[in-house]
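Worksheet for the structure shown next.
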Amino acid sequence: MFKSLSLSLRRLLLRFERSIPRSAAQAPEIRADERGEPPSPNRIPAEAESTAAPEPTSDSAAGRAEPVPPQIAAAPVMNEPEPAVAPAPAPELTARLHTLEILLDALPDLVYLHDRDLRYRYANAPGRRALGLDNESWNGRHWRELNRPAEFLEPLEARIREVFASGEAMRHEAVWPTAGGERHYEFALAPVHDPAGAIQTVVVSGRDLGARQAAEQHAEDQHWRDPLTGLPNRVLARDRVRQALTLAARANTPVALLRLELDRFASLDPPLDSEPSDRLLQAIAARLRETLHDTDTLSRLDRAEFLILPAGLSHPATAGRIAQKLLAALERPFIVDGQEVTIAASIGISLFPSDGHDCAALLRTAGAALRDARDSGRNLYRFRDERLNVEALERLLLEKRLRRALDAQELDLHYQPLVELATGRIVGAEALLRWRNADLGSVAPTHFIPIAERNGLIVPIGIWVLETACRQVRDWQAAGLPELTMTVNISAVQFQRTDFVGTVARVLQESGLDAGRLTLDLTEAVLAQDRDNTLRTVQRLKAMGIRLAVDDFGAGYSSISDFNQLNLDELKLAPRFIRDLGVSPDDETLARAIGQLGRSLRLTLLVKGVETAEQAASLSQGDYDLVQGYHFGEPVSGEEFARFFGLNGTPARAAEPTQPGPAS
């Protein structure tokens, strides 16, 4: 593109030169003062000013012999006669010169003309600004006379001499300092010949590569991006989908497309004009973007329609959870020009490979699912596969009931004894959350706790669990039970909140429970998140005297070094490690090795899920401190736990193993 611009510039100069008619005797150029104009340092060069023409003797003669400047780019060869040029009227010539100056000054590029002595014969406005020539008498002078920086201009001078010597056009790149900072220029140099073919001048045109790259980026953005929101447009969205489908086909993984349409956007209440409506769309796009992961693709397909391509989808049901998060995010009102605007949306979901194998098919299927969502009442999402819709509806209903469960007092805590293995005494309890709904009956924690973690309900539920468990220890003590420890499970969502430590401190103060009698169970997933923040939180909790335990050790990916670095107190072995104790010699060897490891790290060792006497007997031969499981007692209410405790603090059923129950 740059080369063609240089050629166009040369053609422009030559075309202008040929448009000037020639006479038998070249007349001198009209000087600025003769036209009633101030002299211009950037006047189109005229090399024949020394050839003065006689003054006209009559009006008619003046009309025939108006002074005419020579060709713009070629100085006359010394001692050679000027070619005959037909006279041109002064006003016409002046207008042409003025027009050409305007055109060259309007170019974004630097334009210079150099003669054989490397003197400046012309520089357009950008060229003068780049070298700081605006206020100097520069025309006809060498750059060295103008004290321009040699380190930048010497390489360009060498290229100009090469063009004079070879007659060939060439290119040159250089970084020049300018008033606006350093700029990277690309120069095109080309010879300008006189009618006889001799090189008279060299035209140098320079383009700011930064400006060109910015223009190219703008052009690319116009092609790939939505101009209003900056999101990928339909073209880029299709390209991303095709790439995702190619990768998914190789890895045999699912892909989901979510078509989100704003409900009744054209008839908002209150109605919005065009500009406020555009600002609302920008705010909607920003909120959707914040709700998604950075690796997900959010694109705008139409005025009120968006497409979401989640990255790394592991299960089709995940697409439904993403859709629910997007709908929930849009439920919060938007403020536009001081007005509160409420938005609702519908989402249709298609899945690869069940709903199609290419982008077009998946878009059609998602569109059909979107229509189903609108027809079903709006502010909903729908799959095209009815079985998935049933599952999604069940999850949605479960979530809605869970939102009411806390206020409806449907949640309850049960407590399972923690038994000292050496003595058989109950030394504490673990609080386990239970939910009984009037319609659903008893709902397993494995069903509702993940939902609570996804929608944030785990935070208020977790606070309620902590408050209730700490009060229960106080009530037991008032009923005459000895001092017991209380273990409470903490979700990663709770632990990462900035107010978590403050919440724990408040609950301890209000309940009157000594901090040393509270143990917080942390999963290995908690320890793997944001290590710096985790370490700070652990240190603050430890400073309060609270005990910390790693729950289900062996089920995740925590490192042994985590225990020393985080100064943890207790390690709880996952039940799967003891399932075959008393039966498998390998499992007994592994259990003993883990016990020795915990002992060397000075950790209290607790084994969960002990359901048989054989397991208990095997563990007693090792280095374990505490046990928990149906062999020693199932989870019961706070009142039942007090009765179950017994006068001597030993489990009433320790000598008579119960039938194995569900994992706690």
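Annotations for the structure displayed:
- Among the candidates A408, A422, the residue that is part of a loop (DSSP other than H, G, I, E, B) and out of contact with any Ser or Thr (no Cβ under 9 Å at 6 or more places or on another chain) is uniquely A408.
- Only helices (runs of 4 or more DSSP H) whose full extent lies in segment 185-298 are considered here, and the ones with at least 1 residues that are at pLDDT 90 or above are 234-251, 274-291.
- No other residue among E340, E399 is among the acidic types (D, E) and either modelled with pLDDT of 90 or more or assigned to a helix (DSSP H, G or I) (or both) apart from E399.
- Hey, R599 out of contact with any Lys or Arg (no Cβ under 8 Å at 6 or more places or on another chain) and within 13 Å of L571 (Cβ to Cβ) or not: yes
- Some residue of segment 328-335 being at pLDDT below 90, surrounded by fewer than 19 Cβ atoms within 10 Å (Cβ to Cβ), assigned to a strand (DSSP E or B) and β-branched (V, I, T): yes
- Complete set of residues in segment 490-513 that are out of contact with any helix residue (DSSP H, G or I) (no Cβ under 8 Å at 6 or more places or on another chain), charged (D, E, K, R) and at pLDDT 90 or above: R506
- Selection within segment 454-485 - among the hydroxyl-bearing types (S, T, Y) and not in a helix (DSSP H, G or I): T485
- Residues that are closer than 19 Å to L520 by Cα and of a type in the set (D, E, K, R) were ranked within segment 444-469; the one that is surrounded by the most Cβ atoms within 10 Å (Cβ to Cβ) is E453.
- Qualifying residue in segment 531-545 (condition: touching a residue at least 40 places away in the same chain (Cβ under 8 Å), in contact with a strand residue (DSSP E or B) (Cβ under 7 Å, 6 or more places away or on another chain) and of a type outside the set (V, I, T)): yes
- Within segment 185-205, no residue satisfies the criterion of being without any contact (Cβ under 8 Å) to a residue 12 or more places away in the chain and either within 10 Å of V163 (Cβ to Cβ) or outside the structural domain of D115 (by TED's automatic domain parsing) (or both).
- Candidates L520, L527 - the one that is crowded, with 21+ Cβ neighbours inside 10 Å, in a strand (DSSP E or B) and either without any contact (Cβ under 8 Å) to a residue 24 or more places away in the chain or assigned by TED's automatic domain parsing to the domain that holds G609 (or both): L520
- From A368, A373, residue being closer than 15 Å to F306 by Cβ and either outside any helix (DSSP H, G or I) or in the same structural domain as D239 (by TED's automatic domain parsing) (or both): A373
- Picking from residues in segment 299-310 that are part of a loop (DSSP other than H, G, I, E, B) and in contact (Cβ under 8 Å) with a residue 40 or more places away in the chain, the one that is surrounded by the most Cβ atoms within 10 Å (Cβ to Cβ) is P310.
- Annotation: of all residues in segment 163-184 being within 15 Å of G127 (Cβ to Cβ) and part of a loop (DSSP other than H, G, I, E, B), the one that is modelled with the lowest pLDDT is A179.
- Top-ranked residue of segment 103-141 - restricted to ones that are hydrophobic (A, V, I, L, M, F, W, C) and in contact with a Gly (Cβ under 6 Å, 6 or more places away or on another chain), ranked as surrounded by the most Cβ atoms within 10 Å (Cβ to Cβ): L110
- Test: residue in segment 543-566 that is at pLDDT 80 or above, in a helix (DSSP H, G or I) and under 45 Å from the mean Cα position of the chain (by Cα): yes
- Residue within segment 647-658 that is within 29 Å of A444 (Cβ to Cβ), of a type in the set (A, V, I, L, M, F, W, C) and at pLDDT below 80 present: yes
- Meets criteria (aliphatic (A, V, I, L, M), out of contact with any strand residue (DSSP E or B) (no Cβ under 8 Å at 6 or more places or on another chain), on the phi < 0 side of the Ramachandran plot and surrounded by 14 or more Cβ atoms within 10 Å (Cβ to Cβ)) for A505: yes
The values are calculated or read from the model by the stated rules, or taken from the named source; none is laboratory data. Keep in mind that this is a model prediction, so the values were computed, not measured. Reconstructed Cβ throughout: ideal geometry from the backbone, glycine too, with neighbour counts over all protein chains shown.
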